[in-house]
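Structure record follows, encoded as structure tokens.
Every number here is computed from the coordinates shown, using simple stated rules; none is lab data. Since the model is a prediction, treat every value here as computed from it, not as a measurement. Glycine also receives a Cβ, built like all others from the backbone with ideal geometry; neighbour counts cover every protein chain displayed.
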Amino acid sequence: MPAGLVGFVLATGFLVRGRVGGGWYWDAGNALGFVALAGLLGQMIALPGPRELRRHEWLGYAVLGLAIGHAFWFLLGDGAAWVYLVPGAPLYMWLGLGGLLGLAALTVLARMPERLRVHRRYRTFRRVHRWLGVAVVIAAALHVLLSGFYLPTWPQSALLAGAVLAACFGRSMLRRLPAVPVPSLGSYLVVAVVAVGVFTLARNLPPW
Amino acid sequence: MVKWGLLAALLLGAALVAFGPPGAVAERAPRYGGTTPILAMTFAHSDHFAVVACKTCHHEFADRLMGLPCMTCHVTDAKVSGKLEEQFHTLCRSCHVEERAAGKPSGPTRRCIACHLPDDET
């Protein structure tokens, strides 16, 4: 699943102007963000059984790590990017920041013993965890769509929006399909490394 | 461990936003005769002569507003000063993206600091 989802998310950006990049540094940083978004979608789609909860948890840490890496990549390497996180910044940057903070809260509040401090009942926790996840995915997707660089046309935006809506609200349909296993942390990280490399090379190598 | 790591990342991120990152940093300040804080922009006519017609950017030639530097109107005229960022991003970046998509040498398409540096021409 990780390769398919990451491939789908990155492929939406390659449908139109797939060879147009923002430079090695910029594209590598954004590839981290795309892989994190694909991981988020995977977390929403997969239905972890009791034995897969540990995988779901570790995958959550990996997604959060990649999202933090995406944010810090630009803060540390582009001396003008920090201006887009202060008052006057465009909406898509606030959505990105909000999504990142939401993801951090989602991760921390799902861990024991923090979870029990906030939610006494497991059902309540599941509902809150799910809806906070939906909010984070939508904020992250809007961050990508409104920035408009990698998905410049409406069909590309519609494809990504469809995937996000299916992951967030198509659970009843997905239940009829064969159970989607939670990918292992190792497979996700391997796919992430390959995807970042392919994304960056494809957009920056000279035309052949 | 996870909590402390996240807290450290949050504090480092807040410090980077508050004080700016190490190295060359773009800062908003009143420029080009205006009072609204804006980022510096670098531009070299010599890089553009061969590929862009003057009137593509210099609409004042057609509007017969000759004599004033571009930025004078764009930062002081209330009708357009609020759109400065949007207008210049669209004008510069869309052209750079089209050139890049056509496989030609182009200016920066996305990297902020590549354009937002003090201008040697002014």
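In whole Hz, with x marking every Gly and Pro, tabulate ³J(HN,Hα) for the range A:140-150 from phi via Karplus 6.51 cos²θ - 1.76 cosθ + 1.60, θ = phi - 60°.
Taking θ as phi minus 60°, the curve returns 5, 5, 5, 4, 6, 5, 6, 6, x, 8, 8 Hz for the range A:140-150.
How far is helix A:185-204 tilted off the main Cα axis of chain A, in degrees rounded to 10, range 0 to 90?
20 degrees
Roughly how tilted is helix A:2-14, in degrees to the nearest 10 and between 0 and 90, from the longest Cα axis of chain A?
40 degrees
What is the log10 of I(q)/I(0) for the range A:107-159, computed with the Debye formula using one identical point scatterer on each Cα and no solvent, at q = 0.12, 0.20, 0.27 Å⁻¹?
-0.43, -0.70, -0.98
What are the residues whose amide H is under 5 Å from the amide H of residue B:38, where those residues sit 5 or more places off or on another chain and H is modelled from the backbone?
B:29, B:31
When the scattering of the range A:6-164 is computed by the Debye formula from its Cα atoms alone, each counted once and equally, what is log10 I(q)/I(0) at q = 0.13, 0.16, 0.18 Å⁻¹?
Each listed q corresponds, in turn, to -0.64, -0.93, -1.14.
Using only the Cα atoms of the protein assembly as shown, each taken as one equal point scatterer with no solvent, compute I(q) by the Debye sum, divide by I(0), and report log10 of the ratio at q = 0.15 Å⁻¹.
-1.28
Just going by the charge dipole of the range A:4-160, with Lys and Arg at +1 and Asp and Glu at -1 on Cβ, which of A:34, A:56, A:20 is farthest out on the positive end?
Positive-end residue among those listed: A:56.
If the cut-off is a Cα-Cα distance under 20 Å, which aspartates and glutamates reach residue B:79, setting aside same-chain residues fewer than 8 apart in sequence?
Straight-line reach from residue B:79, under 20 Å: B:60, B:63.
Would you calculate the separation in nanometres between label points at residue B:48 and residue A:3, each defined as 7 Å from the Cα along the Cα-to-beta-carbon direction?
Each label point lies 7 Å from its Cα, and together they span 4.7 nm.
Where Rh is the Kirkwood radius over the Cα pairs of the range A:1-78, the temperature 10 °C and the viscosity 1.306 mPa s, what D in µm²/s does Stokes-Einstein return? Present the calculation step by step, with values, prior to reporting the outcome.
On the way: Rh = 13.6 Å.
So the translational diffusion coefficient is about 117 µm²/s.
Calculate, for residue B:78 and residue B:18, the FRET efficiency according to 1/(1 + (r/R0)^6) with r their C-beta to C-beta distance and R0 30 Å; round to the nearest 0.05. Present the calculation step by step, with values, prior to reporting the outcome.
Details: r = 31 Å, r/R0 = 1.02.
For residue B:78 and residue B:18, the calculated efficiency is 0.45.
To one decimal place, what Kirkwood hydrodynamic radius in Å is obtained for chain B from all pairs of distinct Cα atoms? Write out the running numbers ahead of the final one.
Numbers: mean 1/r = 0.0588 Å⁻¹.
In chain B this quantity evaluates to 17.0 Å.
Using only Cα atoms, tell me the angle between helix B:2-19 and the longest principal axis of chain B; keep it within 0 to 90° and round to the nearest 10.
The angle comes out near 40 degrees.
Determine by what factor the alpha-carbon radius of gyration of the range A:156-200 differs from 2.2 N^0.38 Å, reporting the quotient.
Working: Rg = 13.9 Å, N = 45, 2.2 N^0.38 = 9.3 Å.
Ratio of Rg to 2.2 N^0.38 Å for the range A:156-200: 1.49.
Tell me, what is the FRET efficiency for residue B:1 and residue A:123 to the nearest 0.05, using R0 = 25 angstrom and their Cβ-Cβ distance as r? Intermediate values should be presented prior to the final figure.
On the way: r = 29 Å, r/R0 = 1.14.
About 0.30, to the nearest 0.05.
Binning every alpha carbon pair distance of the range A:84-208 at 5 Å from zero, what are the percents per bin?
2, 9, 11, 15, 21, 19, 12, 6, 3, 1, 0, 0
Projected onto the charge dipole of chain B (+1 at Lys/Arg Cβ, -1 at Asp/Glu Cβ, origin at the Cα centre), which of B:59, B:8, B:112 gives the Cα projection farthest towards the positive end?
Farthest towards the positive end: B:8.
Please report, to one decimal in angstroms, the Kirkwood hydrodynamic radius of the range A:76-128 built from all distinct Cα-Cα pairs.
After inverting the pairwise mean of 1/r, the radius is 13.3 Å.
For residue A:57 and residue A:173, what is the calculated FRET efficiency with R₀ set at 30 Å and r taken between the beta-carbons, to the nearest 0.05?
Details: r = 26 Å, r/R0 = 0.85.
E between residue A:57 and residue A:173, to the nearest 0.05, is 0.70.
Place +1 on the Cβ of every Lys and Arg and -1 on the Cβ of every Asp and Glu in the protein assembly as shown, take the dipole about the Cα centre, and give the residue among B:48, A:83, A:152 whose Cα lies farthest towards its positive end.
In the protein assembly as shown, that residue is A:152.
With charges set only on the Cβ (+1 for Lys and Arg, -1 for Asp and Glu), what does the dipole of the range B:28-78 come to about its Cα centre, in debye to the nearest 20? Let's see the in-between values first.
On the way: 4 positive and 4 negative charges, 20 e Å.
In total the dipole reaches around 100 debye.
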